[in-house]
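Here the structure comes first, spelled out in structure tokens, and everything after it is commentary.
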Amino acid sequence: MSEKILVIGANGQIGTELVLNLRGKYGAEAVIASDIHPSKHPLITEEHFELVNVLDKVLLENIFEKYQPTQVYLLAAILSATGEKHPQMAWDLNMNGLLNVLDLAVKYKTQKVFWPSSIAVFGPNSPRDNTPQYCTMDPNTVYGFSKLAGERWCEYYFIKHGLDVRSLRYPGLIGWKSDPGGGTTDYAVNIFHEALANNKYESFLSAGTALPMMYMDDAIRATLELMDAPADKITIRSSYNLAGISFTPEQLAAEIKKHLPDFEISYAEHDPRQAIADSWPRSIDDTQAAQEWNWKINYDLAAMTADMLENLKG
Ligand code: SER
């Protein structure tokens with residue numbers, strides 16, 4: 001059966017790359033991109049694009065009706081830092097957007113749904129190193145607890161409605177094709193742009209703040225591999241831990257310096273994102289992803305840094 005894939009939130013950091021990848025794999029007409037604004041990416045045009053707010057269930061249902069999607073990727077969300085500025089809006093979008101999609105996916109018999117969770121589901125009382133799949137989870141950001149509640153809803157729809165919903169707890173994502181917006185891990189993308197433009201960067205996270213991160217190529221591959229895995233291999237219907245590479249701003253700066261010897265990093269004194277980072281894991285245990293659908297990372301810190309600089313140099 002031919003696929004019809006709907007990507008909601010196609011203009012964001014992950015959505016942009018996913019649309020490009022899915023179109024490469026399935027053909028342009030098989031992938032309907034959608035967002036609240038037209039895409040600014042030169043390759044994502046008005047063709048096979050729908051303007052929709054995921055909170056507008058009537059309009060969203062028209063799109064399900066029109067395309068009868070076989071797969072839906074829901075990426076529209078407000079991230080951690082922006083969520084703290086607009087807590088109710090973040091809860092509303094992250095939660096009701098998901099519920100609208102899960103509901104319509106059941107109604108229109110969508111075969112598979114992908115929804116991203118995050119390392120933000122963990123909190124100050126979660127083990128911070130090699131954080132296991134199951135442990136104390138007391139996230140203290142609106143983004144974090146909207147993702148944790150969302151995971152529970154995904155599993156609930158799988159159990160109650162048999163909906164084939166799959167999810168990953170992404171680490172901070174680093175790529176050159178699209179920019180992040182409103183996250184705590186954004187520094188690790190911004191630093192590359194500033195390093196190339198000005199040879200310096202002021203990090204809003206402190207020198208020693210280790211966080212789990214991942215190169216976008218790996219993140220997209222993980223997503224597609226999870227979605228392609230046979231359903232009986234997927235034992236986790238909330239969301240899988242995904243480890244990536246853990247490093248600090250200081251370590252990333254040192255790696256950049258190997259390519260740009262004059263690069264200098266400095267650190268902001270007070271930034272609200274520091275407290276968010278301090279409540280998240282430093283590293284993640286993703287044994288189950290490796291065991292169940294053969295997940296394996298490709299890019300380490302050195303390979304990612306080299307590839308980012310190479311591509312951004314233009
Ligand atoms: N990268 C996201 C953020 O920083 C976490 O999922 O908000």
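The values are calculated or read from the model by the stated rules, or taken from the named source; none is laboratory data. On a predicted model such as this, the values are computed, not experimentally measured, just so you know. Ideal geometry is used to build each Cβ from the backbone, glycine not excepted, and the neighbour counts take in all protein chains shown. Keep in mind that these areas ignore ligands, DNA and RNA; they rest on the heavy atoms of the full protein, side chains included. Shrake-Rupley method; radii C 1.70, N 1.55, O 1.52, S 1.80 Å.
Hey, how many Å between the Cα centroid of the range 18-76 and the Cα centroid of the range 123-195?
22 Å
Relative to the longest principal axis of the C-alpha atoms of the chain, give the angle of the C-alpha long axis of helix 57-67, reported between 0 and 90° and rounded to the nearest 10°.
Here the helix axis deviates by roughly 70 degrees.
On full extension of the chain, what length is gained from residue 134 through residue 160, given 0.36 nm per residue of separation minus the C-alpha to C-alpha distance?
7.2 nm
Could you work out, for the range 181-259, what percent of all Cα-Cα pairs fall into each 5 Å distance bin, beginning at 0 Å and stopping at the bin that holds the largest distance?
Binned Cα distances yield the sequence 3, 12, 21, 20, 16, 10, 8, 6, 4, 1, 0.
To the nearest 20 Debye, how big is the dipole of the range 63-167 about its Cα centre, given +1 on the beta carbon of each Lys and Arg and -1 on that of each Asp and Glu?
260 debye
Starting from the amide H of residue 32, placed 1.01 Å from N in the peptide plane, find each other amide H under 5 Å away whose residue is 5 or more places distant or on another chain.
Under 5 Å from the amide H of residue 32 lie the amide H atoms of 5, 6, 7, each far enough along the sequence or on another chain.
What's the longest piece of the chain with no exposed GluC sites (Glu not before Pro), counting a site as exposed if DSSP puts it in a loop and it has at most 10 other beta carbons within 10 Å?
No qualifying site falls inside 48-268, the longest such stretch.
So if I take the alpha carbon set of the chain, get Rg, then get Rh from the Kirkwood formula, what is the Rg over Rh ratio?
Ratio value, two decimals: 0.95.
Over 14 Å apart: what share of the alpha carbon pairs of the range 227-306 falls there, rounded to a whole percent?
Within the range 227-306, distances greater than 14 Å cover 73 percent of Cα pairs.
For the range 94-108, list residues with backbone N below 17 Å from a point placed 7 Å from the Cα of residue 65 toward its Cβ?
Only 101, 103-108 pass the distance filter.
Need one value: the accessible area of residue 107 in square angstrom, 1.4 angstrom probe, rounded to the nearest 10.
120 Å²
Restricting to bridges with both residues inside the chain, how much of the DSSP beta-bridge set is antiparallel, in percent to the nearest 5? Numbers along the way, then the final one.
Values: 3 of 31 bridges.
Of the beta bridges lying entirely in the chain, close to 10 percent run antiparallel.
Might you report the magnitude of the Cβ-based charge dipole of the chain about its Cα centre, with Lys and Arg at +1 and Asp and Glu at -1, to the nearest 20 debye?
620 debye
What FRET efficiency comes out for the pair residue 302/residue 55, r = Cβ-Cβ distance, R0 = 41 Å, nearest 0.05?
Computed FRET efficiency for residue 302 and residue 55 comes out at 0.45.
Mind giving me the nanometre distance, one decimal, between the label points for residue 229 and residue 190, set 7 Å out from Cα along Cα→Cβ?
In this crude label model, residue 229 to residue 190 measures out at 3.4 nm.
Most mobile of 98, 196, 43 per a Gaussian network model of the chain (Cα springs, under 10 Å)?
Highest fluctuation of the listed residues: 43.
Enter the angle in degrees (range 0 to 90, nearest 10) between the Cα long axis of helix 301-313 and the first principal axis of the Cα atoms of the chain, meaning the one along which they spread out most.
Around 80 degrees separate the two axes.
Grab the beta carbon distance between residue 313 and residue 292, set R0 = 41 Å, and tell me the FRET efficiency rounded to 0.05.
Once the sixth-power term is evaluated, E becomes 0.60.
No solvent, one uniform scatterer per C-alpha: report log10 I(q)/I(0) for the range 148-290 via the Debye equation at q = 0.19 1/Å, two decimals.
Once normalised to I(0) and log-transformed, intensities are -1.12.
With axes computed from alpha carbons, what is the tilt in degrees of helix 216-228 against the longest principal axis of the chain, rounded to the nearest 10 within 0 to 90?
30 degrees
Greater than 19 Å separation of Cα atoms is the criterion. Which listed pairs, 25/313; 200/258; 257/313, meet it? Walk me through the numbers before you get to the answer.
Working: 25/313 27 Å; 200/258 14 Å; 257/313 15 Å.
With Cα atoms farther than 19 Å apart: 25/313.
Using only the Cα atoms, what convex hull volume per residue in Å³ does the range 112-183 have?
About 110 Å³ per residue, rounded to a whole number.
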